[in-house]
Amino acid sequence: MAVTVEEVRGVAALARLSFSPADEERLTGELNRILQYMDRLNELDTEGVEPTSHVLPLANAFRPDEVDPSPAVADILAAAPQRQESYFKVPRIID
Amino acid sequence: MALNEATAHELITRLQQREVTARELVQATLDRIDAVDGQINAFISIDAEGALTHADEIDRRRAKNEPLGPLAGIPIALKDVLCVRGGRTTCGSKILEHYIAPYDATAVAQLRAADAIIIGKTNMDEFAMGSSCENSYFGPTLNPRDPERVPGGSSGGSAAAVAADETILALGTDTGGSVRQPAGYCGVVGLKPTYGRVSRYGLVAYASSLDQIGPISKDVEDTALLLQAIAGHDPRDSTSIDVPVPDYLAGLKDGIKGLKVGLAQEHFPAGLDAEVATAAQSAAATLADAGAELVDVQLPVAGHPEYCIGTYYLIAMGEASANLTRYDGVKYGHRAEGDLNLQEMYLRTRSEGFGEEVKRRIMLGTYALSAGYYDAYYRKAQQVRTLIRQDFEKAFTTCDILLSPVAPTTAFRLGEQTDDPLQMYLNDIYTASVNLAGIPGISVPYANGADGLPIGIQLLAPPLEEAKLLRMAYALERTTA
């Protein structure tokens, strides 16, 4: 299944990335070449094979429901590009 | 031998015997960095003042005969993907160029508890995505063995810093070979522990089901020392394994008599670089001379390059595309400037902040996870991952250790593979399957190619068998000394 430039544009929108038309063309070629390579996996019969999402036989890692100290709000906010009082500040959301 | 050229285990003894001070040792590494790092570019940040202050404190405590940690006074460099409180953690990316972490990674806290001295943060492929250290916003790192060659990646800065004697020890991270391959290319030792053996808390995520922190050092004994310091359960990482950490040094020198070393024919295909194949076969033969028994094993899926690379990149890119959604210009990192609404801000921030390879992987990962393609790509890769795990499980019923090359060639030239992403991915054919299975693997320098560059040997063991793996690596190292 070949990826089209339109699909690349759609995926870019999902990933919150924007590309120039020339980059969209280049990426379309690269993605197709790489995915063609991935298609080799279809040589393998995986009917009935359980997928592995994780190698460890872990289910839920529980801990006692106790309050631990949290990082200082000021420390966290110090890295924010923009802040106001104790909030992260973002550009307007509704035009 | 200059102080900065020595190993940690030699220096620990000399520090304890008061033959040298931590200040002299740290100063020796800083002088070396001053002398060579302008060319090699192994470091993104250097904390000379902090390291010397820390060294003085260790020396004072030693003078007062206070108890000190096992790595007291030993300089260490950290891949710039590990959070160090109050210092810059860039991940080799423009998007985190000025990011100051508000906390220490657990591995970093453990190093502090061991009284190791952090001297700086090392260069890397952006967000650990790459096999050459050429994908860094801060420029490429050069291979100290030959500056026209890459050091490998993504932990290229850490491997180069150890190889160039700019540090005694280093930490890297390994998602598909990023500790082992650069260690192989630079002629040093690199270990990827069992998934879950070392806490990932404070390690900036690339592919969470594959990422693992690992030691890079000049010899196997130092690798054992450093693993000892960072291994263990961490309640802050729900994927860290809650089993006791053995003493990795205890049996290190006990020899390998009776241990079975497996070789998979799939790892030696027709067309494999003759020097690389010969080195691996010679390594196996010398281990047999040292008392190991060689056995043939089959890895029909886990030893198949196309299946491993396809599975690895689909899973890694899928996880990366999800993990990297956090870089949105809101909580930390770069934010695009200008009169933008929220959506425009996201788009511009991410498009300006990420480099080409990171964007390529986010795009592929997003595509593979998207509706309509999930089953064909991502789920298929997860199923093949099961087959890869089963191949290793079966192989380890007939052998203790598997032996293979680390990479298909010696270090390649800068720029040689940058135009061809797929060619670059093929550097990982021997290493990526190991992360998919979650097992430990180590890269040990063994021979030199005709080009004068190191050829590494990869040894693999079942989950949590690091002690046995290190014992075999130690024996292999003796045969090359």
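Descriptive notes on the structure:
- Of residues in region B:430-481 being assigned to a helix (DSSP H, G or I) and of a type in the set (Ser, Thr, Tyr), the one farthest from B:Leu226 (Cα to Cα): B:Ser433
- Of everything listed in (1) within 9 Å of chain B (Cβ to nearest Cβ); (2) of a type in the set (Gly, Ala, Ser); (3) surrounded by fewer than 14 Cβ atoms within 10 Å (Cβ to Cβ), the single unmet condition for A:Ala12 is (3).
- Subset of region B:461-477 [more than 30 Å from B:Glu148 (Cβ to Cβ) and away from every other protein chain (no Cβ under 14 Å)]: B:Ala461, B:Glu465, B:Glu466, B:Ala467, B:Lys468, B:Leu469, B:Leu470, B:Arg471, B:Met472, B:Tyr474, B:Ala475
- Just so you know, in region B:260-283 the residues that are in a helix (DSSP H, G or I) and touching a Leu at 6+ places or on another chain (Cβ under 7 Å) include one that is nearest to B:Asp391 (Cα to Cα), and it is B:Glu266.
- Checking A:Ser20, A:Ser53 one by one, the residue that is surrounded by fewer than 10 Cβ atoms within 10 Å (Cβ to Cβ) and polar (S, T, N, Q) is A:Ser20 and no other.
- Look at region B:11-32: where a residue is touching a residue at least 40 places away in the same chain (Cβ under 8 Å) and a partner is among the charged types (D, E, K, R), sitting 6+ places away or on another chain with Cβ atoms under 7 Å, you get B:Thr21/B:Asp59; B:Ala22/B:Asp59; B:Thr29/B:Glu166; B:Arg32/B:Asp165; B:Arg32/B:Glu166.
- Unmet requirement for B:Cys91, which otherwise passes all of (1) outside any helix (DSSP H, G or I); (2) farther than 23 Å from B:Arg326 by Cα; (3) touching a residue at least 60 places away in the same chain (Cβ under 8 Å); (4) not β-branched (Val, Ile, Thr): (2)
- Whichever residue in region B:47-60 is free of Cβ contacts under 8 Å to residues at least 40 places away in the same chain and buried (at least 17 other Cβ atoms within 10 Å of the Cβ) and, among such residues, is farthest from B:Arg32 (Cα to Cα): B:Asp59
- Qualifying residue in region B:172-190 (condition: part of a loop (DSSP other than H, G, I, E, B), polar (S, T, N, Q) and within 30 Å of B:Ser238 (Cβ to Cβ)): yes
- Candidates B:Thr286, B:Thr366, B:Thr386, B:Thr311, filtered to the one that is part of a helix (DSSP H, G or I), among the β-branched types (Val, Ile, Thr), within 8 Å of chain A (Cβ to nearest Cβ) and surrounded by fewer than 23 Cβ atoms within 10 Å (Cβ to Cβ): B:Thr386
- Here is the figure for region B:331-363: residues that are more than 7 Å from every other protein chain (Cβ to nearest Cβ) and either closer than 13 Å to A:Leu14 by Cβ or assigned to a helix (DSSP H, G or I) (or both) total 10.
- Scanning region B:197-211 finds no residues that are among the β-branched types (Val, Ile, Thr) and assigned to a helix (DSSP H, G or I).
For (1) under 12 Å from the mean Cα position of the chain (by Cα); (2) closer than 19 Å to B:Thr418 by Cβ; (3) assigned to a strand (DSSP E or B), each residue gets a yes or a no:
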{"site": "B:Pro102", "(1), (2), (3)": "no, no, no"}
{"site": "B:Gln110", "(1), (2), (3)": "no, no, no"}
{"site": "B:Ile119", "(1), (2), (3)": "no, no, yes"}
{"site": "B:Ser131", "(1), (2), (3)": "yes, yes, no"}
{"site": "B:Asn135", "(1), (2), (3)": "no, yes, no"}
{"site": "B:Pro140", "(1), (2), (3)": "no, yes, no"}
{"site": "B:Gly152", "(1), (2), (3)": "yes, yes, no"}
{"site": "B:Ser158", "(1), (2), (3)": "yes, no, no"}
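- Residue satisfying all of: in region B:220-263; hydroxyl-bearing (Ser, Thr, Tyr) and over 17 Å from A:Leu58 (Cβ atoms); surrounded by the most Cβ atoms within 10 Å (Cβ to Cβ) among these: B:Thr223
- Selection within region B:369-413 - of a type in the set (Gly, Ala, Ser), within 22 Å of B:Ser209 (Cα to Cα) and at pLDDT 95 or above: B:Ala381
- With respect to the stated conditions, B:Met424 is at pLDDT below 95, assigned to a helix (DSSP H, G or I) and closer than 26 Å to A:Leu35 by Cα.
- Residue within region B:398-420 that is over 24 Å from the mean Cα position of the chain (by Cα), at negative phi and part of a helix (DSSP H, G or I) present: no
- Taking the listed residues B:Glu306, B:Glu293, the one that is without any contact (Cβ under 8 Å) to a residue 40 or more places away in the chain, under 25 Å from the mean Cα position of the chain (by Cα) and surrounded by fewer than 16 Cβ atoms within 10 Å (Cβ to Cβ) is B:Glu306, with no other qualifying.
- Region A:65-88, subset surrounded by fewer than 12 Cβ atoms within 10 Å (Cβ to Cβ) and within 10 Å of chain B (Cβ to nearest Cβ), residue farthest from B:Asp237 (Cα to Cα): A:Ala74
- There is no residue in region B:84-93 that is within 26 Å of B:Glu221 (Cα to Cα), out of contact with any strand residue (DSSP E or B) (no Cβ under 8 Å at 6 or more places or on another chain) and crowded, with 17+ Cβ neighbours inside 10 Å.
- B:Pro305 vs. criteria modelled with pLDDT under 95, in contact with a helix residue (DSSP H, G or I) (Cβ under 8 Å, 6 or more places away or on another chain) and within 14 Å of chain A (Cβ to nearest Cβ): yes
- B:Thr278 being among the β-branched types (Val, Ile, Thr) and surrounded by 15 or more Cβ atoms within 10 Å (Cβ to Cβ): no
- Residue count for region A:27-60, restricted to those that are within 26 Å of B:Thr194 (Cβ to Cβ), more than 7 Å from every other protein chain (Cβ to nearest Cβ) and not aliphatic (A, V, I, L, M): 2
The values are calculated or read from the model by the stated rules, or taken from the named source; none is laboratory data. Quick caveat: nothing in here was measured; it's all calculated off a predicted structure. Cβ coordinates were reconstructed from backbone atoms using ideal geometry, including for glycine residues, and neighbour counts include every protein chain displayed.
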